[in-house]
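A quick write-up on the structure given underneath.
The values are calculated or read from the model by the stated rules, or taken from the named source; none is laboratory data. What you see is a predicted model; the values in this text were computed from it and never measured. Note that we place each Cβ from the backbone using ideal geometry, even for glycine, and neighbour counts take in every protein chain shown. For the accessible areas, the whole protein counts, side chains as well, though only heavy atoms, and no ligand, DNA or RNA atoms are used. Shrake-Rupley method; radii C 1.70, N 1.55, O 1.52, S 1.80 Å.
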Amino acid sequence: MKHIILTLIFTIFFSQKSFSQVEKVEFELEKTPFKMSLNSGFYKSRLSGASERENSFRNFSIFAQVYFPFKRSLDKPENFSQSCSASSFFDRLFTVSPVAVFHLTEKGGNALGMGQELSFKIAKKTFLKSQLALVWVESNSQKNDGLQSGLNFHHFWHFCSYINSNTYLSIGYNHISNGKIFSKEIGCLFDMMVVGIAHSFSK
């Protein structure tokens with residue numbers, strides 16, 4: 001019986017047929033055209049003293065992002081020879097892009113900073129993106145919009161789907177807080193449901 005089990009294990013885990021071929025990929029630095037995104041949605045404040053309305057997703061906010069003109073990309077070698085302006089090209093298997101962000105609530109609270117976006121290809125036109133930025137927040141302490149002045153982290157997770165080679169629509173979630181890293185006191189506690197559009201101004 002032991003011999004049969006060992007034979008099965010060997011066949012499953014060590015047979016060459018049981019392994020798919022490993023594909024070669026390359027990691028390159030690419031120059032990119034001007035790209036920006038506009039995002040809007042409804043947010044809530046989780047700071048103490050928030051009213052019932054302030055603590056629900058019934059408050060409006062927007063934020064814009066501008067991408068730096070370069071990114072680190074991982075993809076199959078043959079895909080790097082493909083023109084990025086081709087109508088069939090959408091993005092790489094994986095990218096790291098620096099980004100600047102400006103955030104504004106309807107109560108005047110705002111945040112400005114820089115960070116990085118990680119992008120993972122899920123399907124031909126669909127991507128999962130994760131952003132983390134360090135922002136400086138300015139907020140009126142008399143108005144509870146979930147923001148408090150000082151350094152905070154701006155987190156943004158979203159799914160996007162391209163409608164053409166230059167433009168995609170996205171849906172996601174945004175969270176702003178200090179993580180008690182820059183101060184032992186609670187900073188921002190801001191949550192937002194987001195829809196957005198991004199466009200790359202390539203020729």
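Given the criteria open to solvent by 10 Å² or more (accessible area, probe 1.4 Å) and among the charged types (D, E, K, R), does GLU138 qualify? Answer is yes for this residue. Listed by first and then second residue, the pairs linking a residue in segment 188-203 that is touching a residue at least 60 places away in the same chain (Cβ under 8 Å) to a residue that is assigned to a loop (DSSP other than H, G, I, E, B) and among the basic types (Lys, Arg), with Cβ atoms under 7 Å apart and 6 or more places separating them unless they lie on different chains, are LEU189/ARG46; ASP191/ARG46.
Return the only residue of PHE34, PHE90, PHE80, PHE68 being over 14 Å from PHE156 (Cα atoms), surrounded by 16 or more Cβ atoms within 10 Å (Cβ to Cβ), in contact with a Ser or Thr (Cβ under 9 Å, 6 or more places away or on another chain) and hydrophobic (A, V, I, L, M, F, W, C).
Among PHE34, PHE90, PHE80, PHE68, only PHE90 is over 14 Å from PHE156 (Cα atoms), surrounded by 16 or more Cβ atoms within 10 Å (Cβ to Cβ), in contact with a Ser or Thr (Cβ under 9 Å, 6 or more places away or on another chain) and hydrophobic (A, V, I, L, M, F, W, C).
Return the residue satisfying two criteria in turn: it lies in segment 49-65 and is open to solvent by 80 Å² or more (accessible area, probe 1.4 Å) and without any contact (Cβ under 8 Å) to a residue 40 or more places away in the chain, and of such residues it is nearest to GLU117 (Cα to Cα). It comes out as ARG58.
Regarding segment 183-195, can at least one residue be identified that is aromatic (Phe, Trp, Tyr) and open to solvent by 40 Å² or more (accessible area, probe 1.4 Å)?
No, because not a single residue in segment 183-195 is aromatic (Phe, Trp, Tyr) and open to solvent by 40 Å² or more (accessible area, probe 1.4 Å).
Across segment 109-130, the qualifying residues are those that are in contact (Cβ under 8 Å) with a residue 40 or more places away in the chain and under 22 Å from LYS44 (Cβ atoms), and the one among them that is nearest to the chain's Cα centre (by Cα) is GLY113. The number of residues in segment 144-161 being farther than 25 Å from GLU54 by Cα and either hydrophobic (A, V, I, L, M, F, W, C) or buried (at least 18 other Cβ atoms within 10 Å of the Cβ) (or both) comes to 2. Restricting attention to segment 67-108, the residues that are part of a strand (DSSP E or B) and closer than 30 Å to GLU138 by Cβ add up to 13. When HIS175 is tested against (1) open to solvent by 60 Å² or more (accessible area, probe 1.4 Å); (2) under 23 Å from GLU52 (Cβ atoms); (3) under 16 Å from the mean Cα position of the chain (by Cα), only condition (1) is not met. The residue that is nearest to the chain's Cα centre (by Cα), counting only those in segment 132-150 that are modelled with pLDDT of 95 or more and part of a strand (DSSP E or B), is LEU132. The selection criterion, being more than 13 Å from the chain's Cα centre (by Cα), at positive phi and outside any strand (DSSP E or B), does not hold for GLY187. Identify, please: which residue in segment 93-108 is surrounded by 14 or more Cβ atoms within 10 Å (Cβ to Cβ) and more than 14 Å from the chain's Cα centre (by Cα) and is, among those, farthest from TRP157 (Cα to Cα)? So the residue we want is LYS107. Residues in segment 118-135 that are open to solvent by 10 Å² or more (accessible area, probe 1.4 Å) and hydroxyl-bearing (Ser, Thr, Tyr): 2 in all.
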